[in-house]
Amino acid sequence: MKLYRTDLEAGLKNKLIVLAPESLRLNRVTKKIKCELSNEKSSSSFRVYGKIDTTINVSCDRCLKDYQNDLSSKLNIILTHNEEIIKEMSSDVIRFKNSDDFIDISNILRDIILLDEPIKKLCNNDCKGLCSNCGLNLNEKDCDCKKFESNQSLKELENLIN
């Protein structure tokens, strides 16, 4: 996605930009990516901020069932040619020379979406997972497997917990 200097100079105010998932190389994104962007201008930089909304297809870590998860991410970057600001080594600061007519922020948007994926993916908080013996999805029905009897050598450890 390209941001043009002329648009940044004029000012973006809640500008809605809709992107196809393929444009950011995101295979698991199932819906269009909606970016609502605004910007502020200073003497040597542009601050671009807003939100990114999309839906990704993920597998539950407990039962392996596929489900869709809505993501809402925040974007807050500074585009500048000021060397002092750039030297701060902040990941939110991007070099944008005065001679540049546009900047492509596709990789930044992609990284933000990927970083906002949940670490623990659960189809719901009460997911029972799979039976460790037969592999049946315990959310759909109960299995007839015998419950695991703890090993006698671990009894002492269980007593410490209780």
Mean accessible area per residue over the range 91-132 (1.4 angstrom probe, all protein chains present, square angstrom) is 66 Å²
Residues other than Thr54 with Cβ under 14 Å of its Cβ, Lys/Arg counted +1 and Asp/Glu -1, net out at +1
A correct Karplus calculation of ³J(HN,Hα) over the range 133-143, with 6.51 cos²θ - 1.76 cosθ + 1.60, θ = phi - 60°, whole Hz and x for Gly and Pro, returns 9, 9, x, 6, 6, 6, 6, 8, 6, 7, 9
Listed by chain and number, the aspartates and glutamates with an alpha carbon less than 20 angstrom from that of Lys34, same-chain partners under 8 positions apart left out, are Asp7, Glu22, Asp53, Asp70, Asp104, Asp111, Asp116, Glu117
Excluding residues fewer than 8 positions from Lys141 in its own chain, the aspartates and glutamates with Cα under 20 Å of it are Asp61, Asp66, Asp126
Net charge near Lys15 (other residues with Cβ under 10 Å of its Cβ; Lys, Arg +1; Asp, Glu -1) is -1
Going through Lys31/Lys120; Lys41/Lys121; Lys32/Lys87; Lys31/Lys87 one by one, the pairs whose alpha carbons sit over 32 Å apart turn out to be Lys41/Lys121; Lys32/Lys87; Lys31/Lys87
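On the accessible surface of the range 66-117, probed at 1.4 Å, how many percent belong to carbon and sulfur atoms? It would help to have the intermediate numbers written out before the result.
On the way: 1510 of 3360 Å².
C and S fraction of accessible area: 45 percent.
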The answer for the net charge of residues other than Lys74 whose Cβ lies under 12 angstrom from its Cβ, with Lys and Arg +1 and Asp and Glu -1, is -3
Checked against the structure, the computed Kirkwood radius over Cα pairs in Å among (1) 19.5; (2) 15.6; (3) 17.4 is the one labelled (1)
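The values are calculated or read from the model by the stated rules, or taken from the named source; none is laboratory data. Keep in mind it's a predicted model, so treat the numbers as computed, not measured. Ideal geometry is used to build each Cβ from the backbone, glycine not excepted, and the neighbour counts take in all protein chains shown. Side chains included, ligands, DNA and RNA excluded: accessible areas come from the protein's heavy atoms. Shrake-Rupley method; radii C 1.70, N 1.55, O 1.52, S 1.80 Å.
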